[in-house]
1. Which label belongs to the value computed from this structure, given these candidates for volume of the Cα convex hull per residue in Å³: (i) 253; (ii) 233; (iii) 151?
2. Number of Lys-Lys pairs in the chain under 22 Å by Cα, sequence gap 8 or more or different chains?
3. Using a basic spin-label model with each label point 7 Å from the Cα along Cα→Cβ, how many nm lie between Val498 and Arg276?
4. Per residue of the chain, what 222 nm ellipticity follows from adding -39500 (n - 2.57) for every DSSP H run with n ≥ 4, rounded to the nearest 500?
5. Would you work out the charge dipole size for the chain about its Cα centre, treating the Cβ of every Lys and Arg as +1 and the Cβ of every Asp and Glu as -1, and quote it to the nearest 20 debye?
6. When only C-alpha pairs under 8 Å and at least 6 residues apart count, what is the relative contact order of region 401-460, in percent?
7. With contacts defined as alpha carbon pairs under 8 Å and 6 or more residues apart, what's the relative contact order of the chain in percent?
8. Need the full-extension length gain, Ile563 to Glu49, defined as separation in residues times 0.36 nm minus the C-alpha distance. One decimal, nm.
Amino acid sequence: MERRASARAAEALRFGPRTRASIIDRPTFGLVATHQGDDALWAPYCDGEGLVVAVAGRPAFDASEWDAARTSDRPGGLAAIAIASRVRASGPGALESLNGNFAAVVADVPAQRIYLVTDPCGVMPVFEVATPHGRVYGSHPDILADVAGERHRLDEVSLAEFVLFSSVSAPFSYYERVRSVDCGTVVTLDLRDANAVPLRRKYFEFDFRGDSHVSERELATQLAWAIGVAVRRRTQDHLGPTAIALSGGLDSRVILAASKNNADIFSFCCYDQPNRELRIAAALADAESVRFLPLRRSVDYYAEHAEAGVRISGGMGSLANNHFLGVIPQLVDQGMQTVLTGCYCDYLFKGLPLNRRTHWLTGRETLAPYRNSFYFDHTASTTQLATAATRRMADRVPSEEQRQHSESAVLRVEARRTFPLFYEGDNQQRLVPQRLTGWCPPFVDRDVLDVYRRIPYKFKLNRSLFKKTAAIAAPELASITDANTGATPVASRTWERVRSQQVRFERMWRRMSGTVSSEESWPVWEHYVSHSPGLDAMWKRPNADASDLFRRVLGPSPLLNDIPRMKREQPFLFVGLLTLKLWLDQRL
């Protein structure tokens, strides 16, 4: 990458005032590395003998490895020094054991090799594009497209996918020639030949490794232990004050319980009006004697931060999930260096990526026959673009695996729908804090993933295994109600069903009675979308390209001619269209 392009990329990657950028310029390669937080931890490292290491995101190390990195006599971030030490001791193969949410680059200048490694779950995005001068890689598809001259070469099938399904299929992007690098992969580049095809080694696979003789209780115990280890890796004293996003559910309370012994921990919860979620979150923090910070959102919060969230995330996730952008300054004021959330627990341990059927009386979940939709609602259309997008979506899972005839096949369905994680439709909730804070989700730790690959799908249904995990990992919190069900984690299945139905009826009554506040951590979208002046103003800004695209994807849809009706009847279709319109506003 030429120097001017590097400078442009560095400036574009400064998404917030705390973002630090480093430009490393060598005759055979250029590197732009950005990080959040302390330079002493996260800055790049050059060893003086031709080894250059840079890392994005948050790799996770045990205390002993951090301590060993401190003995280095050359300046640089401890994380990059720890990676360099591994490579010097065991060669580039050592990169395959890295942990956390990260992308790492190791340039071995004497050997004329660059190694790029993606994390096992694909939490940190990495994209690539081939240019006449060689391949270019980047964590943000829009910035990569700008640097590589691909800005106007759009992939309309990807745009149509987002309109219809609220997500895009890996490895595609909104640009025809920009593709993602697979998760759990080491890419080797030969600096002697810019046009050489890179070598790729897939070092991590989501293959089923379960044992039918291991009980659900044993797996829950193992998972509770692994989560505890993962949280402690991410809350070591030298990493600075940690903020835990706390809800009234099970995911974040397990993280809270595992981190309670750290004096630098505080918790927070976002809310619109005081509600059940906030009260339960406060009770959890009080039970663990952890400082609690309630953060009230402004009336038009999501509209106020929509455009910045789309720009920071790259527009491939709905603005409805941009929960954290507006509260980050308040967390910074509290000294926050690390953010922990319960993200991805539903995907990994509660069967979210599976098609499930629920018994009308008992509420018990069982595995349902495969269908393309599983989480977000799909919008139907028969236009040429919609047909191409539907075909691409269907191709994500091969027909043989759709039969779900074995534990291995079911896990492969899960994996194809889940990873790389930066493609999931909720990704603004993850990508925004990942680019602006020291966000690191414990549920993608290698020890946690080891247990994940041994869990039969039947234990994920009905939240069965994870409820047992929560009771084991946080026994002192077992008497506090789960906001999602209205019952405690140790309640019987029957009582949980009764309370869940009560919560459901309460929610229905609130909607029928016109109550505009929510009992959850987000607004009542049916009301908010129809009454937000900010969202309405952004939608009404003229954009002929967006209007043309939406009609070519949705066809003669009556909802496109009646936006107030769309807001009432399909608010998330409207939010998805607005997300993409904002992206097109910014790009075109």
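1. (iii)
2. Value for the chain: 12.
3. Distance between label points: 1.6 nm.
4. -12000 deg cm²/dmol
5. Details: 73 positive and 67 negative charges, 222 e Å.
Charge dipole of the chain: 1060 debye, to the nearest 20.
6. Values: 20 pairs, mean separation 15.9, N = 60.
Relative contact order here is 26 percent.
7. On the way: 1089 pairs, mean separation 95.1, N = 588.
Answer for the chain is 16 percent.
8. Between Ile563 and Glu49, full extension yields 178.9 nm more.
Each value in this text was obtained by applying a stated rule to the coordinates, not by laboratory testing. Fair warning: this is a prediction, and the values are worked out from it, not measured in the lab. Cβ sites come from the backbone with ideal geometry, for glycine too, and all protein chains shown count toward neighbours.
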